[in-house]
């Protein structure tokens, strides 16, 4: 769906409805829905798309435009915008599954877009499940309960986090996490708590210096660098649900991290 150059009223109605890439020829091979951060301003979808293509991915990468204001502060603080974006994405996922039954569906979110991704999976109707969800620099609270989302995920939630993320360590604590908690660590800064009984299904992956050779220096937006996507993140999107990929050793992913620095 694309917003045209028509009247302001038409344009506004399209924005309020939300938009996502139309399903194209590549969709027959599967789809990765990508939820960008606040203001939908990042170019992460370019890195996601190029990185996956270089890794051999044949499916479609669909960018989800969820912002209403395209203003970072408004998007981060008026949480209903991201929440409604999640509900719309759930509808897109279900539409895709109805049109392409049995094809793999994965969801990737960056920063505030991780809230959209998780809420979309939570909102799926019975019988609809995605394979894996990848969170990058998540601004969800570190102790956000992902139990409900996990019921609609066949594989795992992979959470990439970095203590070097200046955005999550500074401005985000003032404006609050995307789920509305102030002065608290985000999952993208310290890791995501593993709900009891779901060990091995929430995989926290800490930034390490080996990632630098792929352009990920632990900053807020460089986790969508095409080289990093190709060599590290792609393993979660090309492999069967929950299966370790070829770069597992590089990622050094712990199997049962509960909450680094925050005991349950």
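The values are calculated or read from the model by the stated rules, or taken from the named source; none is laboratory data. All values reported here derive from a predicted model rather than from experimental measurement. Cβ sites come from the backbone with ideal geometry, for glycine too, and all protein chains shown count toward neighbours.
Evaluate the following for residue 63: is it without any contact (Cβ under 8 Å) to a residue 60 or more places away in the chain, in a loop (DSSP other than H, G, I, E, B) and under 26 Å from residue 99 (Cβ atoms)? Spelling it out, it is not the case that residue 63 is without any contact (Cβ under 8 Å) to a residue 60 or more places away in the chain, in a loop (DSSP other than H, G, I, E, B) and under 26 Å from residue 99 (Cβ atoms). Those helices (runs of 4 or more DSSP H) of segment 71-164 in which at least 3 residues are surrounded by 16 or more Cβ atoms within 10 Å (Cβ to Cβ), at pLDDT 95 or above and touching a strand residue (DSSP E or B) at 6+ places or on another chain (Cβ under 8 Å), considering only elements entirely within it, cover 80-99, 113-122. Applying the criterion of being modelled with pLDDT of 75 or more and closer than 14 Å to residue 63 by Cα to the residues of segment 7-25, the residue that is surrounded by the most Cβ atoms within 10 Å (Cβ to Cβ) is 23.
Residues that are over 16 Å from the mean Cα position of the chain (by Cα) and outside any helix (DSSP H, G or I) within segment 165-179 comprise 165, 170, 176, listed in sequence order. Taken over segment 180-197, the criterion of being free of Cβ contacts under 8 Å to residues at least 60 places away in the same chain, part of a loop (DSSP other than H, G, I, E, B) and within 30 Å of residue 77 (Cβ to Cβ) is satisfied by 181, 182, 183, 184, 195.
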